[in-house]
Each structure stands twice: as structure tokens, then as C-alpha cells.
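In what follows, a structure is listed as C-alpha cells, so that the remarks can point back to it.
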Amino acid sequence: MAPDYDEVVARICHYFDDVLAFVDRAVRPGMRLLDLGCGTGLNTRHLPPEVEVVGLDLSAAMLRAARRSRAGTQTRVHDLNEPLPARLGTFDVVLAVACLEFCRDLPALCARIGRALKPGGTALLTVPHRERGDGEASALSKVFPDLTWHLFTQRQARAAIAAAGLQPRGGTLIQGWTVRPGRRVVRYALWRAIRAA
């Protein structure tokens, strides 16, 4: 869906203003930012060239779009369920936005994020929220039955972040995305994960 991704996201997603507000507060020139599941680079394309952006995604087509949307963005095909390449180094900011639906092991991913953050660094995670009465991924699986989706309770997310040696902040529930007008498919918990200085 790379060619239509930005248009689709604009129509059905409702949390990107929150993400962009975080990016604008957290990122300054000279910083390094890691964008996990970066897609087309929607969250970082507005950043100045003095910010080093590294985008990882499973889709080569998405990564091509990310490179076109912001000169200087470095990209690499990568499955977020696998360890991060050590040669990437550490980062001031890590984003994990609109990708954790595909995370099989949230504690393991949070541990990788923790190791990727510099002391004092901050991550933003949009964790797909498991509603009371949901199966692990019932709401999303009904819409996209050919994909395996993962949802997490707020308690699971907080525990995963804390177990990674990070300080969990927030956990505010926000509207995720809808497929039909007025129909909420899934909510997200917006978490900041801070590595102590």
C-alpha cells in the first residue's frame, strides 16, 4: 500500500497530530532519531537536515517513499521483531508509531529500544490497546483477517517499558483509526519511554 499510504493514513488515522507534537518538542538540530516502522517517513519528513534520521521498515517500497520525502533520511529494510543492527549506534529519540500491531513480543522490543537510546533519550510508542473483552487482536483481525495483529493492555505496556530499564510516562488512550465513518476500530495508548540520564 506504499503508493496510497499517506492518503489512506490521512483518512483513517487520528493520532498523527499527537505524534508530530511530540517530535517537535523532543527533536533538536544535531540529534539522531530512529524511526521504527517508518513507512513513508510521515513523522519525520518535516525535520531539518541537521537532524539525522534513520528509518527502518519491512517494506522496501515504503522506504523508497521515505527517502523521496526527505533528503538525507537513511533507510534499511528491517523486521522490528528482530534485534537492531549494533552498527546503527544509539539515538536521542526513537519512534515506534503505527507499527506495534505487528510486534510479537513487546518486552523484547522495549528492551531493544532501551539499548538504542542514549542516556536522557526518549522514545514514543503508540501501543495498540487491548480493550476489555477483546481477544488478543480481535478488532483488527476482523478488518484485516489475512494479517496477524497484536494488542496490549496498559498494564502490559507499562511493565514492558519498565522492564527495559526505561521510565514509562503517559499511557493516555487516544483514538486510533477507523475504516468506516464513525466506527472506531482500535485505540492506542500513547507512551513516552525515558532512559535516565
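If you check 128, 107 for being within 25 Å of residue 188 (Cα to Cα), in contact with a Phe, Trp or Tyr (Cβ under 8 Å, 6 or more places away or on another chain) and outside any loop (DSSP other than H, G, I, E, B), only one passes: 128. Within region 84-104, restricting attention to residues that are among the charged types (D, E, K, R) and outside any helix (DSSP H, G or I), the residue that is surrounded by the fewest Cβ atoms within 10 Å (Cβ to Cβ) is 104. For region 1-81, the helices (runs of 4 or more DSSP H) that sit wholly inside it and include 1 or more residues that are closer than 20 Å to residue 116 by Cα and either acidic (Asp, Glu) or within 15 Å of the chain's Cα centre (by Cα) (or both) are 16-26.
For first residues located in region 114-132 and farther than 26 Å from residue 13 by Cβ, partners that are part of a strand (DSSP E or B) and lie 6+ apart or on another chain with Cβ distances below 6 Å form the pairs 118/92.
Listed here are the residues, each with its yes/no results for (1) farther than 20 Å from residue 43 by Cβ; (2) among the basic types (Lys, Arg); (3) exposed (fewer than 14 other Cβ atoms within 10 Å of the Cβ); (4) at pLDDT below 75.
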{"site": "107", "(1), (2), (3), (4)": "yes, no, no, no"}
{"site": "117", "(1), (2), (3), (4)": "no, no, no, no"}
{"site": "134", "(1), (2), (3), (4)": "yes, no, no, yes"}
{"site": "137", "(1), (2), (3), (4)": "yes, no, no, yes"}
{"site": "143", "(1), (2), (3), (4)": "yes, no, no, yes"}
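Check whether at least one residue in region 156-175 is surrounded by 19 or more Cβ atoms within 10 Å (Cβ to Cβ), assigned to a helix (DSSP H, G or I) and either modelled with pLDDT under 95 or among the acidic types (Asp, Glu) (or both), and report yes or no. Scanning region 156-175, I find no residue that is surrounded by 19 or more Cβ atoms within 10 Å (Cβ to Cβ), assigned to a helix (DSSP H, G or I) and either modelled with pLDDT under 95 or among the acidic types (Asp, Glu) (or both), so the answer is no.
The condition (being surrounded by 15 or more Cβ atoms within 10 Å (Cβ to Cβ) and of a type outside the set (A, V, I, L, M)) is satisfied by just one residue among 81, 43: 43.
Within region 47-72, the residues that satisfy the criterion of being more than 26 Å from residue 106 (Cβ to Cβ), without any contact (Cβ under 8 Å) to a residue 40 or more places away in the chain and surrounded by 13 or more Cβ atoms within 10 Å (Cβ to Cβ) are 47, 51, 52, 67, 69, 70.
Of the listed requirements (1) modelled with pLDDT of 95 or more; (2) surrounded by fewer than 21 Cβ atoms within 10 Å (Cβ to Cβ); (3) closer than 22 Å to residue 16 by Cβ; (4) in contact with a helix residue (DSSP H, G or I) (Cβ under 6 Å, 6 or more places away or on another chain), residue 193 misses just one: (2). Pairs linking a residue in region 140-154 that is closer than 15 Å to residue 177 by Cβ and part of a loop (DSSP other than H, G, I, E, B) to a residue that is of a type in the set (Val, Ile, Thr) and modelled with pLDDT under 85, with Cβ atoms under 8 Å and 6 or more positions apart or on different chains, are 151/186.
The values are calculated or read from the model by the stated rules, or taken from the named source; none is laboratory data. Note that the structure is predicted; figures quoted are calculated from it, not measured. All Cβ positions, even for glycine, are placed from backbone atoms using ideal geometry, and neighbour counts span all protein chains on display.
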